[in-house]
Amino acid sequence: MENFQYILPEIFISVSIMLFLLFGVFKKNSTSLIYNLSNISLVILLALIINHSSLDSVYLFNNSYLIDSLSNYMKIILVGSGIFVMLTGSKYIQVINLNKIEYPILILSSILGMMIMISSNDLIVFYMGLELQSLALYVLASFNRDNLLSTESGLKYFVLSALSSGLLLYGCSLTYGFSESTNFDQILINSTEFNYGTTFGIVFILVGLAFKISAVPFHMWAPDVYQGSPTSVTLFFAILPKIASLSVFIKFLYTPFANMNDQWQTIIVFISIASMIFGAVAAIGQKNLKRLIAYSSISHMGYALAGLATVSNQGIQSSITYISIYLVMNLAFFSCLFMLKRNDKYYENIEDLSGLSKKHPILSFSLLIVLFSLAGIPPLAGFFAKFYVFLAVIEQSMYFLAIVGLLATVVAAFYYLRIIKIIYFDPEKDEYEKSHNLGLKITLAISTIFILAYFIYPSSITEIVSKITMI
Amino acid sequence: MNFPILSSLILLPTIGALFILFTKSTSEKYQSSKYVALFISLANFLLSLYLWYVFDKNSVDFQFVENREWLSGFINYKVGIDGISILFVILTTFITPICIISVNATIKNRLKDFLIAILIMETFMIGVFCSLDLVVFYLFFEAGLIPMFLIIGIWGGERRVYSAFKFFLYTLLGSVLMLVAIISIYWITGTTDVEKLYELGIKAEYQNLLWLAFFSSFAVKTPMWPVHTWLPDAHVEAPTVGSVLLAAILLKMAGYGFIRFSLGLFPIASENFTMLVYALSLIAIIYTSLVALMQEDMKKLIAYSSVAHMGFVTLGIFTMTQQGIEGSIFQMISHGLVSAALFLSVGVVYERHHTRLINKYGGLVSIMPRYAIVFMVFTLGALGLPGTTGFIGEFLILMGAFEKNILVAMIASLGVILGAAYMLWLFKRVVFGEMNNQELKSMKDLKTFEIITLSALVIPILFFGFYPEPLMNSIEASVENTLNMYNFDLINNLASKD
């Protein structure tokens, strides 16, 4: 029984999901009530996690579940961004008629799956969490079922994701076969000697994970799914699964496969460089903002992985800092997207931003800040994210990775500048609606101020993250 | 802890910008915003003059140093000034109010945003000259791109988008390698504090690559041949005030960077690459002067002349002589004043006649006598006539060059002749000659605010041309110190090789 007090957050969210489901089925017209209740339960969940976060690592259920500083931090930013995702999207799903009771419940169950992934210390538990989040995501992607693009994106995501889960499972079974255990720590102990079986296992697992994090060359699903899904779901896709997958990446590389870093380091460096370059180059020709942000997130994942490739605590911490700042930038960007509404229709093409600055100075200014931050121009938060990553990369004398990465930022700067050009330099179009719901405004204000004022106290995230040590 | 005077100098314009941002102006023309901006920038100018007054000119140490913990544990926010940087700070605070006064003439729409951009820009520019930490320096150096990109892009001419992109991407590309170098320095020496780095020194084996990485950034920003092509575009398309800021201050960041970082941190590499810098500088001086001769657009001509003048600056810095470096600094200050004045002068006629093509003008002396006089002073300043600041800078640079390499000095002297040629020819074609174009007759002479701004520039150009002592006094000790450290490092390196 002692174990249960540590997984109180997980238990709480599971119970809430079931209660909300029952409630929604038996009570008619309770959609917005459940939406709000889900958001409140996320806040309580966040409070529970923070309350239970201790510095010590706690192993639960025969060492198959681990709560440590890494999992705590990741869960906090996961649930925190979950709250903001729900806040920003509430108006959107009403306008495009998606406010069904399943929507918040699917989001909650997906978050539950991610929490299990983050804390897992065992191949089976990990896979269970992964599938829970994936199943919820398949449905969410095709949630706008009358829309052709949405159903297409759901199907596409399902087929490709199932394929990658298959590869992942194959990798898991190979790893289990050669190391005689599913427990991460046990695998580490048993895999001191080199053998091809485990190497293949690593490759397959990394492929599966790279798919989930949408890193090149396993990124093909991302642009279509980002574009086709409802925008609120796209925002969810852009942030939460990335946090969970990055945390699993860290866990896999530095717990079971820590001894074999000479095997996986090259793979990560390759994936990282390919993502940075491809994401930057492919985004140049895009016309749809959601599609563009998909390529941009591919390139950002490249930078986050660059930190992991260093095999150092500093590198891991820089990756976590990167993803934390990345999620704030994405929140801000999507909040701006949600504000491009006119007559109950949302606009999502780059051309729709034309001349925005003349009638919407504050919205344009926020976009300006976010885009320069995404491009990594100082003194905005995005610069510090990249700075920490390259600090770690250069510490390990990986100059090639650093120089390629920084040159890719110059290419990437081009398409961010293009959006700014359209907002500020081009002739204006019709006005958008100016009244927005409070949650959206608050999210945009908080995230923009965070990005803008991060340079005043740039150690804020680093200090928390510096407690996470894996090596 | 004393009053943080440098931080207030850096932050004051930003506070002004925030004030303008959050106050609503009732009138259409945003007059009140303009007065706020002017007041803030003048206050900053007075503050910097006070700084110069209390500044100890005989000391070689950095003064008014502020050192605060910033990136926990490893990088501090450190600012301080010595005799070299204080001149650039004053140049910045002097040019900004002039820009703000001239804003009315050129900026028709979104004046408020423009004022905010200029004030933010001032913050970053002062920050560059004050920072004593490489990361802080990089932060200010790069951050300046954002307001400048917007200034060119929003208020620029026809091809503004192309020019703004070119400016931004060129400079960013140059700078990212500097970031790699800065981080490498941190891991090699354990600090990015400039003062500590001066003491510690950087091992000779790393210096060449690090020097090249810094060079890539500074060469683009200077700009040196062959990466100067963004400058004519940016200048031509930027609004007058943008060109003034660009020419007067942004270009000086690189020259300052060469003295402070390339010479100070990598003396051995600087010695190795001297010939490269000489060659590029000479090409810049001769080639861009010839190109300037051929220009039909006034702004483009002045832009190319800027490249040539900056060629003198880089040449002077890498002579590694007291005269050469002092001359370079003097030349930078002089060019800051003269090029700002020239761009403003072009702005004056562009405002009235809406063209920058030289052949559309002629005979202005008969209808705009006052304009003809100030324009003549600036022309003579640009070509380096004795009695203007331009002369002293070029003279000292050539003196330094003669000491090191006679051939280089002789070729560079040709540049002086070419400079006289294109500037005098420009003056002849615009101000003298016959007035063929009847439309020109309606042009009015200088307005009051133009007289204020232009005479504010005439005075220092002539004053320091005849009496350079105050400026020289200020830089002498610091330059001597830089050179001493430089030679000390070189001798040490030779000794360790034997």
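The values are calculated or read from the model by the stated rules, or taken from the named source; none is laboratory data. Here the structure is a predicted model, which is why all the values come from computation and not from measurement. Positions of Cβ are backbone-derived with ideal geometry, glycine not excepted, and every protein chain shown enters the neighbour counts. Ligands, DNA and RNA are excluded from the accessible area calculation, which covers all protein heavy atoms including side chains. Shrake-Rupley method; radii C 1.70, N 1.55, O 1.52, S 1.80 Å.
Answer yes or no as to whether B:Val236 is part of a helix (DSSP H, G or I) and open to solvent by 10 Å² or more (accessible area, probe 1.4 Å). Spell out how you get there, then give the answer.
On the way: part of a helix (DSSP H, G or I): yes; open to solvent by 10 Å² or more (accessible area, probe 1.4 Å): yes.
Against the criterion (part of a helix (DSSP H, G or I) and open to solvent by 10 Å² or more (accessible area, probe 1.4 Å)), B:Val236 qualifies.
Hey, among the residues in region A:38-61 that are free of Cβ contacts under 8 Å to residues at least 24 places away in the same chain and not β-branched (Val, Ile, Thr), which one's surrounded by the most Cβ atoms within 10 Å (Cβ to Cβ)? That would be A:Ser53.
Yes or no: A:Glu463 within 13 Å of chain B (Cβ to nearest Cβ), open to solvent by 60 Å² or more (accessible area, probe 1.4 Å), touching a residue at least 12 places away in the same chain (Cβ under 8 Å) and of a type in the set (Asp, Glu)? The answer is no for A:Glu463. The set of residues from region B:354-368 being of a type outside the set (A, V, I, L, M) and touching an Asp or Glu at 6+ places or on another chain (Cβ under 7 Å) comprises B:Arg356, B:Asn359, B:Gly362, B:Gly363.
Condition check ((1) within 28 Å of B:Leu454 (Cα to Cα); (2) at pLDDT below 90; (3) away from every other protein chain (no Cβ under 12 Å)) across all residues:
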residue: B:Leu46; (1), (2), (3): yes, no, yes
residue: B:Trp52; (1), (2), (3): yes, yes, yes
residue: B:Val65; (1), (2), (3): no, yes, yes
residue: B:Ser72; (1), (2), (3): no, yes, no
residue: B:Tyr77; (1), (2), (3): no, yes, no
residue: B:Gly80; (1), (2), (3): no, yes, yes
residue: B:Leu115; (1), (2), (3): yes, yes, yes
residue: B:Phe124; (1), (2), (3): yes, no, no
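Do the conditions hold for B:Asn58, that is, is it surrounded by 17 or more Cβ atoms within 10 Å (Cβ to Cβ) and in contact with a helix residue (DSSP H, G or I) (Cβ under 8 Å, 6 or more places away or on another chain)?
Values: surrounded by 17 or more Cβ atoms within 10 Å (Cβ to Cβ): no; in contact with a helix residue (DSSP H, G or I) (Cβ under 8 Å, 6 or more places away or on another chain): yes.
No, not satisfied.
Could you please let me know if B:Ala340 is aliphatic (A, V, I, L, M), assigned to a helix (DSSP H, G or I), open to solvent by less than 10 Å² (accessible area, probe 1.4 Å) and in contact (Cβ under 8 Å) with a residue 60 or more places away in the chain? Yes, satisfied.
The residues of region A:124-146 that are assigned to a helix (DSSP H, G or I), over 19 Å from the mean Cα position of the chain (by Cα) and buried (at least 18 other Cβ atoms within 10 Å of the Cβ) amount to a single one, A:Val125.
So, in region B:134-157, of the ones that are aromatic (Phe, Trp, Tyr) and within 20 Å of A:Phe365 (Cβ to Cβ), which residue ends up farthest from the other protein chains (Cβ to nearest Cβ)?
B:Trp155
Among the residues examined, B:Thr106 does not qualify as within 13 Å of B:Ser41 (Cβ to Cβ) and either free of Cβ contacts under 8 Å to residues at least 24 places away in the same chain or of a type in the set (S, T, N, Q) (or both). Is it fair to say B:Ile367 is touching a residue at least 40 places away in the same chain (Cβ under 8 Å) and over 22 Å from the mean Cα position of the chain (by Cα)? It is true that B:Ile367 is touching a residue at least 40 places away in the same chain (Cβ under 8 Å) and over 22 Å from the mean Cα position of the chain (by Cα). Among the residues of this structure, B:Val89 counts as one that is more than 11 Å from chain A (Cβ to nearest Cβ) and either free of Cβ contacts under 8 Å to residues at least 12 places away in the same chain or in a helix (DSSP H, G or I) (or both).
State which residue is nearest to the other protein chains (Cβ to nearest Cβ) when the search covers only region B:161-202 and only residues that are charged (D, E, K, R) and surrounded by 18 or more Cβ atoms within 10 Å (Cβ to Cβ). My answer is B:Lys166. Exactly one residue among B:Lys428, B:Lys444 is part of a helix (DSSP H, G or I) and over 17 Å from B:Ala341 (Cβ atoms), and that residue is B:Lys428. When B:Leu49 is tested against (1) surrounded by 15 or more Cβ atoms within 10 Å (Cβ to Cβ); (2) under 30 Å from B:Met485 (Cα atoms), just one condition goes unmet, and that condition is (1). Going through (1) within 17 Å of the chain's Cα centre (by Cα); (2) under 30 Å from B:Glu450 (Cα atoms); (3) surrounded by 24 or more Cβ atoms within 10 Å (Cβ to Cβ) one by one, B:Ile90 falls short only on (3).
Take A:Phe158 and decide whether it is surrounded by fewer than 22 Cβ atoms within 10 Å (Cβ to Cβ) and assigned to a helix (DSSP H, G or I). Give the steps one after another, and end with the answer.
Working: surrounded by fewer than 22 Cβ atoms within 10 Å (Cβ to Cβ): yes; assigned to a helix (DSSP H, G or I): yes.
Criteria met by A:Phe158.
Contact annotation: residue pairs with Cβ atoms under 9 Å, 6 or more positions apart or on different chains, pairing a residue in region B:54-76 that is touching a residue at least 60 places away in the same chain (Cβ under 8 Å) and part of a loop (DSSP other than H, G, I, E, B) with a partner that is open to solvent by 40 Å² or more (accessible area, probe 1.4 Å) and hydrophobic (A, V, I, L, M, F, W, C), are B:Phe55/B:Phe64. Looking for something in contact with a Cys (Cβ under 6 Å, 6 or more places away or on another chain), assigned to a helix (DSSP H, G or I), touching a residue at least 60 places away in the same chain (Cβ under 8 Å) and open to solvent by less than 10 Å² (accessible area, probe 1.4 Å) - is there at least one such residue anywhere in region B:248-258? No, region B:248-258 has no match at all. Candidates are the residues of region B:432-486 that are open to solvent by 50 Å² or more (accessible area, probe 1.4 Å) and among the acidic types (Asp, Glu); the one that is farthest from B:Ser270 (Cα to Cα) is B:Glu439.
Against the numbered list (1) within 13 Å of chain B (Cβ to nearest Cβ); (2) buried (at least 19 other Cβ atoms within 10 Å of the Cβ), A:Leu353 comes up short only at (1).
Every condition in (1) modelled with pLDDT of 90 or more; (2) within 12 Å of chain A (Cβ to nearest Cβ) holds for B:Phe214 except the one numbered (2). Where helices (runs of 4 or more DSSP H) fall wholly inside region B:265-326, the ranges with 1 or more residues that are crowded, with 24+ Cβ neighbours inside 10 Å and under 18 Å from the mean Cα position of the chain (by Cα) are B:274-293, B:298-317.
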